Ligand code: 13P
């Protein structure tokens, strides 16, 4: 059964580790992430962007697929199904469809509107036992059409949003989605420490987990980051393994054209990436 992300994140914050959010794009992705979580006895959050939800045939399709896999693959570790960077309407649709967690990304609104919309959603989520992530200070880069400028969040605004009773808070600290540029200045740990100081026990979320050094990840966790989002790195791993299969002409040998064969190396590559991240984040055996 899907669970809210609250308990797993509170435990992560207490235990000084992070739970990975891995974005899913299709059946293979979902299966790879769930099986890796089970094999490593790790809690996990499946992230679904609005674009990926649409691609997979709608939020209800995603809920049906994930619930089916939990049961039929015997997944017993805690799993939250989470809307990633949702709009207000998207969050409502996911709550209705059976997601156990949503992110409302109001970072592009002014702070008053972000507060107003976030607090309405907090009430709805609370009444249904669903966890909710809010965002302050947009994450840079582009993800599924959502473009952020990479602001560093204002710690006072973070406190105002945290005080609304959200489950977790994403705050921009110089992180961006996708590839980091060579001249990237790195995460702003001074701001992270200040946000932590003002928000107390709030589990903090680090977006743009692809390409952040091990050292920075560990430091971020030590400063209260309890959830780290990874998307692009799984996509790179999948694409590279799939390209290799085709370039080696394996689809032309025997029944190598069978989609189950073509997609197998990419699926395995996602599993390897997810396992590495779970080890780095410290969530192995924390289910
Ligand atoms: P990356 O694609 O950079 O790993 O970021 C993922 C993310 O933050 C999803 O919200």
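Does at least one position in segment 231-242 carry a residue that is over 23 Å from residue 6 (Cβ atoms), at pLDDT 95 or above and in contact with a strand residue (DSSP E or B) (Cβ under 8 Å, 6 or more places away or on another chain)? Talk me through it step by step, then tell me what you get.
Let us first name the residues in segment 231-242 that are over 23 Å from residue 6 (Cβ atoms), namely 232-242.
Keeping just the survivors that are at pLDDT 95 or above gives 232-242.
Cutting the leftovers down to in contact with a strand residue (DSSP E or B) (Cβ under 8 Å, 6 or more places away or on another chain) gives us 234.
So far as segment 231-242 goes, yes, one or more of its residues are over 23 Å from residue 6 (Cβ atoms), at pLDDT 95 or above and in contact with a strand residue (DSSP E or B) (Cβ under 8 Å, 6 or more places away or on another chain).
Is there a residue being in a strand (DSSP E or B) and either within 16 Å of the ligand (Cβ to nearest atom) or touching a residue at least 12 places away in the same chain (Cβ under 8 Å) (or both) anywhere in segment 48-55? Can you show your working first?
So in segment 48-55, the residues in a strand (DSSP E or B) come out as 48-49.
From what is left, the residues that are either within 16 Å of the ligand (Cβ to nearest atom) or touching a residue at least 12 places away in the same chain (Cβ under 8 Å) (or both) are 48-49.
Checked segment 48-55: at least one residue is in a strand (DSSP E or B) and either within 16 Å of the ligand (Cβ to nearest atom) or touching a residue at least 12 places away in the same chain (Cβ under 8 Å) (or both).
Return only the number of the condition from (1) touching a helix residue (DSSP H, G or I) at 6+ places or on another chain (Cβ under 7 Å); (2) surrounded by fewer than 23 Cβ atoms within 10 Å (Cβ to Cβ) that residue 243 does not satisfy.
(1)
Checking residue 176 against (1) more than 16 Å from the ligand (Cβ to nearest atom); (2) within 16 Å of residue 225 (Cα to Cα), only one condition comes out false. Which one?
Unmet for residue 176, out of (1) more than 16 Å from the ligand (Cβ to nearest atom); (2) within 16 Å of residue 225 (Cα to Cα): (1).
Does residue 164 satisfy the condition of being over 15 Å from the mean Cα position of the chain (by Cα), surrounded by fewer than 20 Cβ atoms within 10 Å (Cβ to Cβ) and more than 13 Å from the ligand (Cβ to nearest atom)?
Values: over 15 Å from the mean Cα position of the chain (by Cα): yes; surrounded by fewer than 20 Cβ atoms within 10 Å (Cβ to Cβ): yes; more than 13 Å from the ligand (Cβ to nearest atom): yes.
Considered against the rule, which asks whether it is over 15 Å from the mean Cα position of the chain (by Cα), surrounded by fewer than 20 Cβ atoms within 10 Å (Cβ to Cβ) and more than 13 Å from the ligand (Cβ to nearest atom), residue 164 comes out as yes.
Can you find a residue in segment 93-107 that is at pLDDT 95 or above, within 16 Å of the ligand (Cβ to nearest atom) and part of a helix (DSSP H, G or I)?
yes
Only residues that are free of Cβ contacts under 8 Å to residues at least 40 places away in the same chain and within 16 Å of the ligand (Cβ to nearest atom): list them for segment 186-203, please.
Passing the criteria: 186, 187, 192.
I'm trying to understand the selection: among the residues of segment 222-266, which are more than 16 Å from the ligand (Cβ to nearest atom) and touching a residue at least 24 places away in the same chain (Cβ under 8 Å)?
Scanning segment 222-266 gives 222, 223, 224, 241, 242, 263, 265, 266.
Quick one: would you say residue 32 is modelled with pLDDT of 95 or more, surrounded by fewer than 22 Cβ atoms within 10 Å (Cβ to Cβ), in contact with a helix residue (DSSP H, G or I) (Cβ under 8 Å, 6 or more places away or on another chain) and not in a strand (DSSP E or B)?
Working: modelled with pLDDT of 95 or more: yes; surrounded by fewer than 22 Cβ atoms within 10 Å (Cβ to Cβ): no; in contact with a helix residue (DSSP H, G or I) (Cβ under 8 Å, 6 or more places away or on another chain): yes; not in a strand (DSSP E or B): yes.
The answer is no for residue 32.
The values are calculated or read from the model by the stated rules, or taken from the named source; none is laboratory data. No experiment lies behind these values; they were computed from the predicted model shown. As a convention, Cβ positions derive from the backbone with ideal geometry for all residues, glycine included, and neighbour counts pool all protein chains shown.
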